[in-house]
Amino acid sequence: MMIYPFTKLREMARQGLLKDSEAILSLPMTATDAMQLVESNSDELKQHLGDDAELLVSSMKAVHQRYEDLAKKQRESFSILEKAKSYISGQETTHHAEVVAYGDTYCQNELVYAVGIDQ
């Protein structure tokens, strides 16, 4: 479900209708990065999409919240060994999703795909 609103966002960026168009089209991108870009372009989205802007924003927020909840659960479920390893290394283990590839150049005529990874 996330691919359709994000494709529309990228299409508008290609048309130069949004601020930070280059950032929207750059990959990899985390869910947090995507949400920040949507929020910073909320006025432009409303101007060009009307009522559909609210659907786009709410869809992206729902996906972002899902990943935030997943990251929280993962942090809570770390074993004592994983926590000790993280403490010793000085690096906090975090969970985040990234989109690393996005095929939407011809989104009006062809299928759109995205490749994402959970880390």
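We did not get these values from a lab; they are worked out from the coordinates using the rules stated. Nothing here was measured: the structure is a model prediction, and the numbers come from that model. Don't worry about glycine lacking a Cβ; one is built from the backbone with ideal geometry, like all the others, and counts go over all protein chains shown.
Results, tabulated for the structure shown:
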{"read-out": "Kirkwood hydrodynamic radius over Cα pairs of the range 1-68, then Stokes diffusion coefficient at 10 °C and 1.306 mPa s, in µm²/s", "value": "135 µm²/s"}
{"read-out": "Rg/Rg_ref, the range 3-118, where Rg_ref = 2.2 N^0.38 Å and atoms are Cα", "value": "1.26"}
{"read-out": "Residues Arg66 and Arg14, FRET efficiency given R0 of 41 Å [Cβ-Cβ distance, rounded to 0.05]", "value": "0.90"}
